[in-house]
Each structure stands twice: as C-alpha cells, then as structure tokens.
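To keep things clear, I will list the structure first and then write my remarks on it.
Every number here is computed from the coordinates shown, using simple stated rules; none is lab data. Bear in mind that the values here come from a model prediction, so they are computed numbers and not experimental data. Every residue, glycine among them, receives a Cβ derived from its backbone with ideal geometry; neighbour counts consider all protein chains shown.
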Amino acid sequence: MTEKDEAIMGRRSFLKHAAALAIASTSFGQICAWGQTNGDAPLRERAARKGLIYGSAVNYGALTRDTKLAASVVRECGIVVPENELKWEALRPSLDKFDFTQGDFILDFAKKNNILLRGHTLVWHQALPKWFETTVNSQNAEQVLRNHITTAAGHYAGKMHSWDVVNEAIAPWDKDKQSDGMRNSPWYKLLGPKYIDIAFKAAAAADPKAILVLNQDHLEHDTKIDAQSRAATLRLLKRLKASATPVHALGIESHLSMDGEIFSPGVFRTFLKDVAELGLKIMITELDVTDIMFSQNINKRDKLVANKYEEFLSTALQEKAVIGVLTWGLSDKYTWLSKYMPRDDKAAVRPLPLDENFNRKPAWNAIAGAFDKAENR
C-alpha cells in the first residue's frame with residue numbers, strides 16, 4: 001500500500017506518545033495470552049482446516065527479486081492480493097491504454113503455486129493517474145468508470161477469487177464528508193453515491209464468478225470515529241442490498257494499533273453479526289499491527305504485536321461469515337509501514353507474521369493459534 005488516509009496518519013501520530021507510557025508499564029505476564037502453537041503446519045493449511053483462507057498482499061518488485069519471499073508466500077499463503085499493481089495509477093498509463101504486465105505476473109505466480117488471487121481495487125479515491133484530473137468530468141465519468149471496470153475485471157474474469165470493487169467509500173471523520181458519511185471522493189463529486197452501484201454492477205457483468213467486496217477502514221476500534229464509520233457502512237450495505245446492487249462481502253482493513261484506539265471485542269462482534277445478518281460474507285483484507293509506540297526491545301515488542309493479533313482474530317473468527325484473513329504483507333522486510341509509519345527511534349518496524357529474514361515470529365504463532373481455535377466453516 002503506497003498511500004493511506006492522512007486522517008489515519010495524523011490521528012495516530014498525535015496519540016502514539018500518549019499511549020506509549022501506558023503500554024510500557026504493561027506487565028510481561030499480561031502480554032503472553034496466546035502461547036505457542038502445535039506443529040509446523042503453515043498458515044494456509046491451518047486456515048484451510050477450518051474452511052478459511054489465509055494470505056497476504058504481495059508486490060511485483062519484491063516477488064521478482066527475492067526468492068526467499070516467493071518461497072515464504074508459497075509456503076504460508078492460500079491467497080494473495082497485489083498491493084498496488086491493479087490500482088488505476090499502475091494499470092492506466094493513459095485514458096486509452098491498460099498495462100496488465102505486473103498484474104499478470106502475480107496471476108501467473110499464483111496459478112503456478114495453487115494460490116488464489118484477489119483484485120485490489122477497481123475504484124478508489126487515491127492512486128489515480130495524472131491524466132484523471134484533466135480528462136475525467138461529470139459528462140464522461142460514468143463511461144470512463146464502466147470502461148475501466150469492464151476492461152480490468154474482464155481481463156481477469158474467472159481468475160479472481162474476489163475483487164475489492166469500491167475501496168474506502170466511507171469517511172465520516174473527513175472535513176469534506178457528506179451527510180451520509182460518504183467520502184467526497186473524485187467519484188462522488190462527479191457521479192454522487194450512484195458511482196458505487198455503477199461499479200458493482202459493472203464488476204458483476206465483467207466477472208460474474210468473483211466475490212464482490214466493499215472494502216472499508218476504521219471499523220474495529222471502540223472510538224467515536226469508528227462507531228460513525230460502522231454505522232455509515234451498515235447504512236450503505238443496507239442500501240445496496242435493498243437496491244439489488246450485487247455486493248457479496250464486506251472487506252475490513254484492520255490496520256491495528258495501540259495508540260489510544262481501544263478494541264472492544266463485544267462492540268466489534270456485534271458489528272460483524274450485523275453484517276452477517278445482511279447475508280454478506282466478511283473478509284479481513286489488510287491486517288497488520290503498527291508497533292511505533294511499543295518498546296524498542298524486540299522480544300517485548302513482538303509479544304505485544306502478537307497479543308494484538310490474538311485479541312483481534314479470536315473475536316473476528318467467532319463470526320462464521322468471516323471466510324478469509326489477509327495480512328498486508330507477509331514479512332517485515334516488505335511493509336508499507338516502514339515508509340508511512342516509521343518509528344521515532346529509527347528501529348525497524350515489525351508488524352507482520354515473519355521477520356525480515358522470513359523467520360516465524362510470535363505474531364505468526366498468534367495467527368496460527370487463532371486459526372487452530374476457530375470453529376469449522
């Protein structure tokens with residue numbers, strides 16, 4: 001992920017120092033709730049035993065140059081999602097041209113290794129090409145949007161497990177938000193809320209076998225912002241269902257932290273139940289744990305990260321509508337957080353299941369344990 005909301009960065013940066021002292025005082029015994037897992041089975045196998053899918057985001061550059069990463073992905077992942085290669089900026093060098101080179105490489109890698117593939121993302125307010133602003137207007141926006149989705153989803157028709165059709169449509173914290181909690185994105189400005197219906201219908205026509213996902217952030221924590229985001233997301237899903245728009249699942253991004261954003265299992269569990277009652281599946285699509293406020297001591301830091309994974313997944317996997325879990329990356333060597341949320345002490349961030357040498361960490365044990373304890377789907 002090359003870009004995320006400025007709201008996430010600013011809010012978490014503001015809170016991280018306030019939370020640091022409280023975290024530092026946590027006793028070591030309180031941290032280690034997840035324990036050790038039995039056996040050496042990879043995450044993909046542990047998930048599959050319960051009818052779940054585990055995977056991670058990958059990127060073209062790392063896969064082509066790092067054989068250890070590729071081997072780790074093959075071992076641990078049952079599904080992958082291109083991190084940036086299927087976003088507009090990567091796919092659309094010009095209005096009249098598509099470039100599927102990097103996306104096709106990841107598809108071929110997945111097929112050769114019996115790994116499923118997700119698409120990310122057909123519509124987003126970020127990662128738009130430079131020509132977008134000067135070329136797309138209210139007169140041609142619907143045609144441009146339909147053409148993009150028809151071509152991109154059509155190119156991979158029958159080969160995608162699922163598509164993030166619309167990404168981060170809700171932004172109730174934004175100063176430019178709409179009364180319904182919708183983000184006033186370029187697409188919203190050009191087409192209004194109907195852009196979401198247009199996108200899902202075009203995706204369903206182009207790739208009728210794929211699971212079509214509304215992907216959204218700020219849904220996990222017990223904060224005012226997340227509560228507003230959950231409410232707005234449920235309103236949107238209900239509207240889409242009522243209008244027979246073909247949405248099949250909610251994707252929950254889940255970039256977790258301990259920067260003052262309290263996680264309440266009961267609150268989150270209720271939200272998952274509300275989504276499931278709409279007849280929708282749920283995927284945890286972008287899971288990682290920000291460690292910028294944790295101790296520099298690697299052992300303590302890794303255990304705090306693992307504890308966060310265990311706390312979140314033990315709650316999420318109680319809901320049988322949850323069918324998949326993807327971490328946003330597999331190894332600490334390749335994480336968007338190194339650039340966008342670095343530590344003040346300059347130490348390397350450690351948010352993922354494998355360390356920079358592709359060794360399994362306590363976070364891996366926590367995820368494995370959560371899969372082992374989950375009920376069968």
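Data overview
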| quantity | calculated |
| --- | --- |
| 0 to 90° range, to nearest 10: angle between helix 265-276 axis and the chain longest Cα axis | 30 |
| DSSP-loop trypsin sites (Lys or Arg not before Pro) across the stretch 196-265, with at most 13 other Cβ within 10 angstrom | LYS209 |
| Whole-Hz couplings from phi, Karplus 6.51/-1.76/1.60, listed for the stretch 362-372; x for Gly and Pro | x, 4, 4, 4, 5, 5, 4, x, 5, 5, 4 |
| For the stretch 94-186: relative contact order, % (alpha-carbon pairs under 8 angstrom, 6 or more apart) | 33 |
| Two-site label geometry, GLU142 and LYS130: point separation in nm, points 7 Å out along Cα→Cβ | 3.2 |
| The stretch 86-103 versus the stretch 309-345: alpha-carbon centroid distance in Å | 27 |
| FRET efficiency, 1/(1 + (r/R0)^6) with R0 41 Å, evaluated for SER179 and PHE98 via beta carbons | 0.70 |
| Among beta bridges that DSSP assigns inside the chain, antiparallel share in %, nearest 5 | 10 |
| Neighbourhood net charge (13 Å Cβ-Cβ; Lys/Arg +1, Asp/Glu -1) for TYR334 | -1 |
| For the stretch 203-265: relative contact order, % (alpha-carbon pairs under 8 angstrom, 6 or more apart) | 46 |
| Loop-located trypsin sites (Lys or Arg not before Pro) in the stretch 129-160, at most 16 other Cβ atoms within 10 Å (DSSP) | LYS130, LYS159 |
| Taking the stretch 158-255 and dividing mean pair separation by its residue count, relative contact order in percent (alpha carbons under 8 Å, at least six apart) | 34 |
| In degrees, nearest ten, helix 298-316 long axis to first principal axis of the chain (Cα) | 60 |
| Volume in Å³ per residue [convex hull over Cα atoms, computed for the stretch 94-164] | 94 |
| Value of [θ]222 nm, deg cm²/dmol, for the chain, DSSP H segments ≥ 4, -39500 (n - 2.57) each, nearest 500 | -13000 deg cm²/dmol |
| Cα pair distances in the chain, grouped into 20 Å bins until the bin that holds the longest one, percent each | 30, 61, 9, 0 |
| Per-q log10 I(q)/I(0), the stretch 99-250, q = 0.08, 0.11, 0.18 Å⁻¹ (Debye; single scatterer per alpha-carbon; no solvent) | -0.23, -0.45, -1.12 |
| Cut-off 19 Å (backbone N to label point 7 Å along Cα→Cβ of LYS189), residues of the stretch 122-143 | 123-143 |
| Highest to lowest packing among 275-284, 114-123, scored as the average C-beta count within 10 Å | 114-123, 275-284 |
| Crossing angle, helix 141-155 versus the chain [Cα axis fit, 0-90 degrees, rounded to tens] | 60 |
| Distance-filtered residues of the stretch 83-112 - backbone nitrogen under 18 Å, label point 7 angstrom along SER338 Cα→Cβ | 83-85 |
